[in-house]
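Novice: Below you'll find the structure I mean.
The values are calculated or read from the model by the stated rules, or taken from the named source; none is laboratory data. Since we're looking at a predicted model, the values are computed, not measured. Cβ placement follows ideal geometry from the backbone for every residue including glycine, while neighbour counts extend to all protein chains displayed. We work out accessible area using only protein heavy atoms, side chains counted, and drop any ligands, DNA or RNA first. Shrake-Rupley method; radii C 1.70, N 1.55, O 1.52, S 1.80 Å.
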Amino acid sequence: MQERIMERCPTILAKKGEIYVGEDKISKLPDEVLVSILSRLTMKEAARTSVVAHRWLKVWTFCPSLNFDDSQTFLSLYGESRSPSEEQKQGYVNRVNSVLEAYQGSTIDDFQVHFDLDAKYKCDIDRWVNFVFQKGVKRLVIDFGLYYVGGMRENNVYPFPLSCNNSALWRTQTLHLLSVLKLKYVDVSGAVVEYFISACPFLEKLTIEGSTSQDLVHLNVQSHCLKKVKLYHCWQMKSICLSTTTLLSFKFYGSTIDICYANVPNLVEVFLGGSFPELAIAYFPRLSNCLSRLERLTIYVPVLPEEDMDEDGEPPEFPVLTKLKILKLRVSADNFDSLLVFDSLMKAVPSLDRLVVQFSNWWAAPFRRRAQKVPKSPLRCLKVAELVGFWGRIPELEFATYLIKNAVMLEKIIIDPIPYHRVGLQFDTDDERLKKIQASKKCAMRLRSKFSLGNKLVLRNF
């Protein structure tokens, strides 16, 4: 083993007081091979190789992957972020500047910045953007939402520098290489987004998140290559029209807007959520009319209020999605509510194979009420059910019972006490958190015993 290591790299091995220096064969490799190797390292790791030997001094400056991701430094145990100091922000900016000044490559495959920066650093960020576009960047990720994950940055948001009217960069040929564009907590106008879509013939993935721009209101997405579109927390938006035959995935989180599925015959995945949970119910009827191939759907849903019931007090009937295989429901329900109102929704997905229900109000105190009678509604294809944030409250137990009794092909029911976004747990003491998990496990074991579930019941994160 030692001999093989010595043959491959300039490693110094010590054993019984003796030192062996192997032949440095790696340094003799062609520049292209060395650059390819370093491209698989992080920026910090690649830069550190400059001290290995004189041969390595400048190799890292040709690496086409420039990923400046310091997010883990500022993430807490529960996924919350702590804001870096101004000194740390300036240090981050200086580091990016120094790397770009040293960069000697002719192209850039991947450029990513992940940090809590705002318009104060506009001049520096503008130079980064212009630099990478001149190099024909293929993947561009600008994420200034480290401290605002799931929230909203209202003031001093960095404005994207390019204008369709006054930048010569829009007339260059370097944009045509772009395949991935992600702008998070960056103000960008609808005109700029649409220009990227039209000017980048290989653009496959588009993400716009946390833009507060007053000019991002109406968006027309027409493309012959886009496969994934994601729009989150763009609260000024009023409408979007999707017309791209290659689109496979569309994800939207925000306030109620007009979504037009004009020409999306291959769309198989949709995510719909927002601060106003009733919007999911409003969007649902449109899906079956346009999305004949839809296989995966995630929606934020409330327990239907009385005003959404018909005259007889029954929940509305949902249009049938015959191809849907995976359904994720993010549910907010009080102790007085019943999840059995979603029986009509379950009937609308006859081919459903996997159901995931994520409970979002785990902090609510348990309240004992009489359980409702579970309706008979055979779920003929459901094999896996997953209940996330399960505490054992009456609404959760009712729905678990409903699934167990009606899913005739059920192979596995997974119970997980940890909420999908951990809200609630982070405010608990260790004792409170332990009590909630113990209560959840106790209820789960009762279900196992009552329905003889055996190995069908899987406990996770206990």
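Novice: Under a plain spin-label model, where a point goes 7 Å from the Cα along Cα-to-Cβ, how far apart in nm are residue 451 and residue 323?
Specialist: Result: 3.0 nm between the two label points.
Novice: Please report the net charge: other residues with Cβ closer than 15 Å to the Cβ of residue 246, K and R +1, D and E -1.
Specialist: With Lys, Arg at +1 and Asp, Glu at -1, the net is +2.
Novice: Moving on. Please compute the length gained on full extension between residue 373 and residue 88, using 0.36 nm multiplied by the number of residues separating them and subtracting their Cα-Cα distance.
Specialist: So the chain would gain 96.8 nm between residue 373 and residue 88.
Novice: Give, in nm to one decimal, the length gained when the segment between residue 202 and residue 176 is fully stretched (0.36 nm per residue of separation minus the Cα-Cα distance).
Specialist: This chain segment gains 8.7 nm when fully extended.
Novice: Something else about it: Taking 0.36 nm per residue of separation and subtracting the Cα-Cα distance, what length does fully extending residue 412 through residue 431 add?
Specialist: Residue separation times 0.36 nm, minus the Cα-Cα distance, leaves 3.8 nm.
Novice: How large is the accessible surface of residue 383 in square angstrom, using a 1.4 angstrom probe and rounding to the nearest 10?
Specialist: 70
Novice: What net charge do the residues around residue 219 carry, taking every other residue with its C-beta under 10 Å from that of residue 219, with Lys and Arg at +1 and Asp and Glu at -1?
Specialist: 0
Novice: What is the calculated FRET efficiency for residue 130 to residue 263, with r their C-beta to C-beta distance and R₀ = 45 Å, to the nearest 0.05?
Specialist: Efficiency computed from Cβ-Cβ geometry: 0.85.
Novice: Under a point spin-label approximation (7 Å from Cα along Cα-to-Cβ), what is the residue 235-residue 347 distance to one decimal in nm?
Specialist: 3.9
Novice: Could you compute the net charge surrounding residue 295? Neighbours are other residues with a C-beta less than 13 Å from the C-beta of residue 295; K and R count +1, D and E count -1.
Specialist: +4
Novice: Name all residues of segment 192-207 having a backbone nitrogen under 13 Å from the label point set 7 Å from the Cα of residue 225 along its Cα→Cβ direction, giving them as ranges.
Specialist: Taking a point 7 Å out along Cα→Cβ of residue 225, the residues of segment 192-207 whose backbone N falls under 13 Å are 196-206.
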